[in-house]
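Chemist: This is the structure I have questions about; it appears just below.
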Amino acid sequence: MFESAIDAMSHATLQKLVGAPWDGCVRVAMGGNNSVAPIRRILKEYPSLRKVTFCLDNDAAGQKQCASYLAALREAGVPEDCLDARSVPCGKDWNEYLQHWRAVVRRHSELPTTETD
């Protein structure tokens, strides 16, 4: 679960750049929706999904919203081992992290880039 579509796409791009399976999960952009109803609907429609990982912004608002989502899903009966939260390694959000990563790539050309893919 991501705050925005650009963060979800940035996460997929980062996974691909490091050689991880980028298409092995469902990424959902919450788009400002503060309700867990869409998450619960997705879990119901896709019973094969085993884990919900929140990858929200690394700011106070994002972390507060993440805690709220987790609490609401626990209250709705989603098991604890099915819930996770992942903070972006650096920067405000996944798109900023991707931009930082690409800047490092440009300085160290031996790292992979999307331009050659």
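The values are calculated or read from the model by the stated rules, or taken from the named source; none is laboratory data. Computed from a predicted structure; not experimentally measured. Heads up, the Cβs are rebuilt from the backbone with ideal geometry, glycines too, and the neighbour counts pull from every protein chain shown. Surface areas here come from the heavy atoms of the whole protein model, side chains and all, with no ligands, DNA or RNA. Shrake-Rupley method; radii C 1.70, N 1.55, O 1.52, S 1.80 Å.
Chemist: Please go through the range 47-91 and give me each residue that is under 19 Å from Ala8 (Cα atoms), part of a loop (DSSP other than H, G, I, E, B) and open to solvent by 30 Å² or more (accessible area, probe 1.4 Å), ordered by number.
Modeler: Scanning the range 47-91 gives Leu49, Arg50, Lys51, Asn58, Asp59, Arg86, Ser87, Pro89, Cys90, Gly91.
Chemist: Taking the options Leu14, Leu43, name whichever one is touching a helix residue (DSSP H, G or I) at 6+ places or on another chain (Cβ under 6 Å), assigned to a helix (DSSP H, G or I) and at pLDDT below 95.
Modeler: Of Leu14, Leu43, the one residue that is touching a helix residue (DSSP H, G or I) at 6+ places or on another chain (Cβ under 6 Å), assigned to a helix (DSSP H, G or I) and at pLDDT below 95 is Leu14.
Chemist: Is it the case, given these coordinates, that Thr13 is surrounded by fewer than 15 Cβ atoms within 10 Å (Cβ to Cβ), closer than 30 Å to Val105 by Cα and touching a residue at least 40 places away in the same chain (Cβ under 8 Å)?
Modeler: So Thr13 fails the test.
Chemist: Something else now. Pick from the range 1-10 the residues that are among the hydrophobic types (A, V, I, L, M, F, W, C) and buried (at least 16 other Cβ atoms within 10 Å of the Cβ): which of them is farthest from Ala76 (Cα to Cα)?
Modeler: Checking each candidate, the answer is Met9.
Chemist: Right, Asp84: touching a helix residue (DSSP H, G or I) at 6+ places or on another chain (Cβ under 8 Å) and more than 13 Å from Ser35 (Cα to Cα) or not?
Modeler: In short, no.
Chemist: Here's a follow-up. What are the pairs with Cβ atoms under 7 angstrom where one residue, in the range 51-75, is without any contact (Cβ under 8 Å) to a residue 60 or more places away in the chain and the other, located anywhere, is surrounded by fewer than 18 Cβ atoms within 10 Å (Cβ to Cβ) and basic (Lys, Arg)? Sequence gap at least six, or different chains.
Modeler: Close Cβ pairs (under 7 Å, with a partner that is surrounded by fewer than 18 Cβ atoms within 10 Å (Cβ to Cβ) and basic (Lys, Arg)) amount to Thr53/Arg86; Cys55/Arg86; Asp57/Lys92; Asn58/Lys92; Asp59/Lys92.
Chemist: Restricting attention to the range 17-32, and to residues there that are open to solvent by 40 Å² or more (accessible area, probe 1.4 Å) and closer than 22 Å to Arg50 by Cβ, which single residue is nearest to the chain's Cα centre (by Cα)?
Modeler: In this case the residue turns out to be Arg27.
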